[in-house]
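The values are calculated or read from the model by the stated rules, or taken from the named source; none is laboratory data. Worth saying up front: this structure is predicted, and the values here are computed from it rather than measured. In this analysis, Cβ positions are derived from the backbone assuming ideal geometry, glycine residues included, and neighbour counts consider all displayed protein chains.
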Amino acid sequence: MALKLYNTLTREKEEFKPLEEGKVKMYSCGQTIYDDLHIGNARAYVAWDTLRRYMEYKGLTVRHVQNITDVGHLTDDGDQGEDKVEKRAKELGLEPMELVEDQIQRYFEDTKALNIERQDIVPRATGHINEMIHYVEEIIENGYGYEVDGNVYFDVEKFAEDYPYGEMAKKDIGDLKEDAQARVEHDKKKKNQFDFALWIDADESHAMKWESPWSEGYPGWHLECSVMSQKYLGDEFDIHTGGKDHIFPHHPNERAQAFAASGKGQARYWLHNEFIQVEGEKMSKSEGNFYTVRELLEDGFSGDAIRLYINSAHYRTETDFSKEGLEKAEKELKKLRKAYKLSDGEGLEKEAEKLRREFEENMDDDLNTAKAKQAMLKLAGQVNSRGEASEKVRDTLRELSMVLGIDVRPDLTAREGSMADFLSQLRDQAREREDYEASDFIRERLEELGFEVEDSEEGSQYF
């Protein structure tokens, strides 16, 4: 079965066919780097990392680019408001780049904990200002940009005469006018309120600004992804990913800029993940239902369990986050690890192959990780019920789990493993002399270390 992906541009599942046989070029909208990674951000990055892993599992070579936004993302989509990085830096009494350097380090620590592989290229917006200025010059030269008082705007109405603009969001010019009236504060410098900024003249208070042919200023938020995606992947590439909120205005604006500058519309497949809610409400710091990955790790949840939990729902379905759900994922992880450890005997090879095919069929169906995970758990359940399985089954469990970014091998340091072995031996000795009080005490200590303990004729086993 061929891999099919839901293309937001066409609103259809389409068979994925890369431009170049055997090779995939993929761009993901990355983090605006002013605060810690929250669980909603994590869902997107886990989804696209899982997509990459599965395409590599199918034998494709993937070049994955994901940007870091360290300038230009304003607090308001209508080209007004403060730069998010500068605003947060002021609140903390830091220089913007001081905040950025700290947050980048924390971001990579958090994504590593979730087994998210570092993308092949992770470009920063501030490292590509010269390319952005040149890109804007091309847009103006091609007749789709205009300058007013040091600001440069994209002429959406002029562009829509020559290229499709609102097809991704299913909006026409009339819809855009209504949307702009409702969403955007009036800007007398723009021809139309739905035009968007390519370059913004910076006032004296703005810390991050660069010289350009138009003013000392900074790039519009949408510009950076057009520039960096086409620089590193070419004018046309395979896949562009982002969150549901990017369907409008970010991705239509990106795509319009690309057409205006190069005549090509970046990606052929556009993928968007749904949001995570908390108890049916939008996640919000003010509501007290805001969870960062770092906080969840500090609360004792493992990165593998967080990732397994995220992959328990299809990336295009709205899902409700809860710590109870994470606790369930920890139990599922233990079930998988127990099966991996028991797979050093014989049997269940045919069942493993059947469930591998089920796993692949679900992943081929627009990356249905929820059903793919269930196939893995079915196999683990059969192994655990039987008490053993062949090494081939163990290899299957490990290979499929790694596609989802989960490591089913016991997550032990050498010291932890030695301690668990020692405690298990002491417990066997206590049971042999019928000292059940000592046996129960040791069992409790093993469980505190995160192990599930089972007794058998061969002695104590921990997972």
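What about Ser312, is it buried (at least 17 other Cβ atoms within 10 Å of the Cβ) and modelled with pLDDT of 95 or more? Yes: the conditions hold for Ser312. I'd like to check something: does the range 91-108 contain any residue that is in a loop (DSSP other than H, G, I, E, B), assigned by TED's automatic domain parsing to the domain that holds Val227, in contact (Cβ under 8 Å) with a residue 24 or more places away in the chain and out of contact with any Leu (no Cβ under 6 Å at 6 or more places or on another chain)? There is at least one residue in the range 91-108 that is in a loop (DSSP other than H, G, I, E, B), assigned by TED's automatic domain parsing to the domain that holds Val227, in contact (Cβ under 8 Å) with a residue 24 or more places away in the chain and out of contact with any Leu (no Cβ under 6 Å at 6 or more places or on another chain). In the range 213-226, the condition of being touching a Pro at 6+ places or on another chain (Cβ under 7 Å) and in contact (Cβ under 8 Å) with a residue 60 or more places away in the chain is met by no residue. All of Glu204, Glu254, Glu185 fail the test of being in contact with a Ser or Thr (Cβ under 6 Å, 6 or more places away or on another chain) and outside any strand (DSSP E or B), apart from Glu254. Being of a type outside the set (Val, Ile, Thr), modelled with pLDDT under 90 and touching a strand residue (DSSP E or B) at 6+ places or on another chain (Cβ under 7 Å) is a condition met by at least one residue of the range 290-298. Selection within the range 192-207: residues that are among the small types (Gly, Ala, Ser) and either in contact with a Phe, Trp or Tyr (Cβ under 9 Å, 6 or more places away or on another chain) or under 21 Å from Asp179 (Cβ atoms) (or both). The member of this set that is modelled with the highest pLDDT is Ala197. Across the range 348-372, the qualifying residues are those that are within 13 Å of Gln382 (Cβ to Cβ), touching a residue at least 24 places away in the same chain (Cβ under 8 Å) and surrounded by fewer than 17 Cβ atoms within 10 Å (Cβ to Cβ), and the one among them that is nearest to the chain's Cα centre (by Cα) is Glu353. For the subset of the range 7-48 comprising residues that are within 28 Å of Asp83 (Cβ to Cβ) and of a type in the set (Asp, Glu), which member is farthest from the chain's Cα centre (by Cα)? For the range 7-48, the residue satisfying everything is Asp35. Check the range 212-222 and report whether any residue there is modelled with pLDDT of 95 or more, part of a loop (DSSP other than H, G, I, E, B) and not hydroxyl-bearing (Ser, Thr, Tyr). Checked the range 212-222: at least one residue is modelled with pLDDT of 95 or more, part of a loop (DSSP other than H, G, I, E, B) and not hydroxyl-bearing (Ser, Thr, Tyr). Just one of (1) farther than 19 Å from Asn115 by Cα; (2) surrounded by fewer than 23 Cβ atoms within 10 Å (Cβ to Cβ) fails for Glu330. It is (1). Residue selection: Lys331 fails the criterion of being free of Cβ contacts under 8 Å to residues at least 24 places away in the same chain and in contact with a Phe, Trp or Tyr (Cβ under 9 Å, 6 or more places away or on another chain). Against the criterion of being over 18 Å from Asn67 (Cβ atoms), surrounded by fewer than 15 Cβ atoms within 10 Å (Cβ to Cβ), within 32 Å of the chain's Cα centre (by Cα) and basic (Lys, Arg), Lys170 qualifies.
The rows are residues; the columns are (1) outside the structural domain of Ser302 (by TED's automatic domain parsing); (2) among the aliphatic types (A, V, I, L, M); (3) at pLDDT below 80.
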| position | (1), (2), (3) |
| --- | --- |
| Leu355 | no, yes, no |
| Glu358 | no, no, no |
| Thr369 | no, no, no |
| Glu388 | no, no, no |
| Asp395 | no, no, no |
| Ser418 | yes, no, yes |
| Asp421 | yes, no, yes |
| Leu449 | yes, yes, yes |
